[in-house]
Amino acid sequence: MDSFCTWRIVEIRHSFGISMLLDVEDLKVSFHSRDGVNEAVKGVSFQLDAGKTLAIVGESGSGKSVTCMSLTRLLPPPPLCQVSGKARLDGKDLFNLSPKERRQVRGKQIAYIFQEPSTSLNPYYTVGNQIAEAIQYHRDDVEDVEKEVVNLLDQVGIRDPENRAKDYPHQMSGGMKQRVMIAIALACQPRILVADEPTTALDVTIEAQIINLLRDLRERLNMSIILITHNFGIVDEFADDVAVMFRGKIVEAGPAETILANPQHPYTQALIKCIPKMGAKRERLPVVDYALLEE
Ligand SMILES: Nc1ncnc2c1ncn2[C@@H]1O[C@H](COP(=O)(O)OP(=O)(O)O)[C@@H](O)[C@H]1O
Ligand SMILES: [Mg+2]
């Protein structure tokens with residue numbers, strides 16, 4: 001798209017009060033080893049508006065995590081890993097930052113929560129200590145760090161936050177630990193929260209609670225969320241837009257409602273068929289027919 005067209009679109013979006021926060025264009029990521037080259041992400045483009053949720057859906061290994069981690073370069077350094085394309089946050093080029101600027105974007109602008117909260121938390125420190133560390137690293141404005149720790153635990157729905165702050169991770173359930181990870185992410189007041197399969201390690205009732213919490217925080221804090229999942233069931237209730245990834249490419253993208261109602265790509269159709277329905281009986285799980293998807 002030429003720059004005039006891009007500018008016109010930005011102008012039109014502004015006049016409707018829509019502001020694009022993140023703009024990713026032709027992102028490519030490849031890993032290089034003695035065994036050869038793995039093109040993990042093969043030219044993906046997407047946008048994220050302020051206060052909105054984009055779900056990136058696709059099976060394991062399709063390049064979802066690598067796409068999001070490349071934004072703050074949470075990947076091996078070159079020449080082991082090469083990143084190209086453009087990623088702009090509020091117009092600022094994320095791939096052309098000094099190390100200091102990059103550290104500021106990590107956490108402060110874009111924060112991550114991952115699948116397995118147990119491996120992200122340090123078992124030797126209390127959860128309160130770990131939240132306090134994030135506050136001290138990223139926020140100059142907070143005078144009473146302890147009070148802010150309690151406030152954050154309260155915001156993520158942990159009861160009796162004064163006492164729970166003194167817990168070590170092993171004293172908490174999986175769902176509570178994920179809430180603590182969200183509190184650590186929020187401590188930095190990020191503009192974008194990347195939730196990378198945040199509920200995969202949790203059981204279904206806890207999954208619903210965590211998704212509700214994210215929804216609530218998005219509304220209260222006007223945060224944008226990128227939700228990575230392989231479960232279209234979550235997309236239905238949570239996302240504004242969806243990008244479906246398959247083997248390093250986005251094969252279909254658009255508003256969640258449209259894609260769920262009328263999926264075009266056979267891979268998206270297969271993923272939607274896999275959403276479990278209440279009361280429905282199936283002889284066996286649906287299988288994606290890869291022969292249909294070969295180029
Ligand atoms: N640090 C890494 N080093 C080498 N290859 C990696 C690394 N991280 C991911 N990959 C490869 O990149 C591809 C995409 O991985 P990933 O983005 O983690 O998939 P997804 O999140 O969709 O399950 C996979 O082939 C994976 O093996
Ligand atoms: Mg992943």
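Do we have any residue at all in segment 117-136 that's of a type outside the set (D, E, K, R) and in contact with a His (Cβ under 7 Å, 6 or more places away or on another chain)? Yes - at least one qualifying residue is present in segment 117-136.
Checking each residue in segment 192-223 for being in contact (Cβ under 8 Å) with a residue 40 or more places away in the chain, crowded, with 18+ Cβ neighbours inside 10 Å and out of contact with any strand residue (DSSP E or B) (no Cβ under 9 Å at 6 or more places or on another chain) picks out Ala201, Leu213. Among the residues of segment 111-135, the ones that are more than 16 Å from ligand 1 (Cβ to nearest atom) and part of a strand (DSSP E or B) come to 1 in all.
The helices (runs of 4 or more DSSP H) located wholly in segment 179-295 that include 3 or more residues which are within 27 Å of Met69 (Cα to Cα) and modelled with pLDDT under 95 occupy 204-221, 232-238, 266-273.
Tell me which of these Asn163 doesn't satisfy, since it passes every other one: (1) farther than 27 Å from Leu74 by Cα; (2) within 16 Å of ligand 1 (Cβ to nearest atom); (3) of a type in the set (S, T, N, Q). Asn163 satisfies all of (1) farther than 27 Å from Leu74 by Cα; (2) within 16 Å of ligand 1 (Cβ to nearest atom); (3) of a type in the set (S, T, N, Q) except (2).
Scanning segment 166-191 for residues that are of a type in the set (Gly, Ala, Ser) and surrounded by fewer than 18 Cβ atoms within 10 Å (Cβ to Cβ), we see that the one that is farthest from ligand 1 (Cβ to nearest atom) is Ser173. Within segment 79-90, does at least one residue satisfy the condition of being within 12 Å of ligand 1 (Cβ to nearest atom) and in a loop (DSSP other than H, G, I, E, B)? There is at least one residue in segment 79-90 that is within 12 Å of ligand 1 (Cβ to nearest atom) and in a loop (DSSP other than H, G, I, E, B). Within the bounds of segment 3-26, is there any residue that is aliphatic (A, V, I, L, M), crowded, with 20+ Cβ neighbours inside 10 Å, within 16 Å of ligand 2 (Cβ to nearest atom) and modelled with pLDDT of 95 or more? Scanning segment 3-26 turns up no residue that is aliphatic (A, V, I, L, M), crowded, with 20+ Cβ neighbours inside 10 Å, within 16 Å of ligand 2 (Cβ to nearest atom) and modelled with pLDDT of 95 or more. The residue pairs whose first member lies in segment 56-68 and is within 9 Å of ligand 2 (Cβ to nearest atom), whose second member is small (Gly, Ala, Ser), and whose beta carbons are closer than 8 Å, counting only pairs six or more residues apart or on different chains, are Ser62/Gly248; Gly63/Ala40; Gly63/Gly248; Lys64/Gly58; Val66/Ala40.
Scanning segment 132-145 turns up no residue that is closer than 19 Å to Ile206 by Cα, of a type in the set (Ser, Thr, Tyr) and either touching a residue at least 60 places away in the same chain (Cβ under 8 Å) or in contact with a helix residue (DSSP H, G or I) (Cβ under 9 Å, 6 or more places away or on another chain) (or both). Residues of segment 194-219 that are among the aliphatic types (A, V, I, L, M) and either within 16 Å of ligand 2 (Cβ to nearest atom) or more than 16 Å from Thr53 (Cα to Cα) (or both): Val194, Ala195, Ala201, Leu202, Val204, Ile206, Ala208.
Within segment 27-43, if we keep just the residues that are within 11 Å of ligand 1 (Cβ to nearest atom) and of a type in the set (A, V, I, L, M, F, W, C), the residue that is surrounded by the fewest Cβ atoms within 10 Å (Cβ to Cβ) turns out to be Val37. Quick check: anything in segment 82-92 within 16 Å of ligand 2 (Cβ to nearest atom), under 28 Å from Phe232 (Cβ atoms) and surrounded by 14 or more Cβ atoms within 10 Å (Cβ to Cβ)? Checking segment 82-92: not a single residue is within 16 Å of ligand 2 (Cβ to nearest atom), under 28 Å from Phe232 (Cβ atoms) and surrounded by 14 or more Cβ atoms within 10 Å (Cβ to Cβ). From the list Val105, Val142, Val150, the one residue that fits, being over 21 Å from the mean Cα position of the chain (by Cα) and assigned to a helix (DSSP H, G or I), is Val150.
The values are calculated or read from the model by the stated rules, or taken from the named source; none is laboratory data. Note that the coordinates shown come from a computational prediction; the quantities given were computed from them, not determined experimentally. Note: ideal-geometry Cβ built from the backbone for every residue, glycine included; neighbour counts use all protein chains shown.
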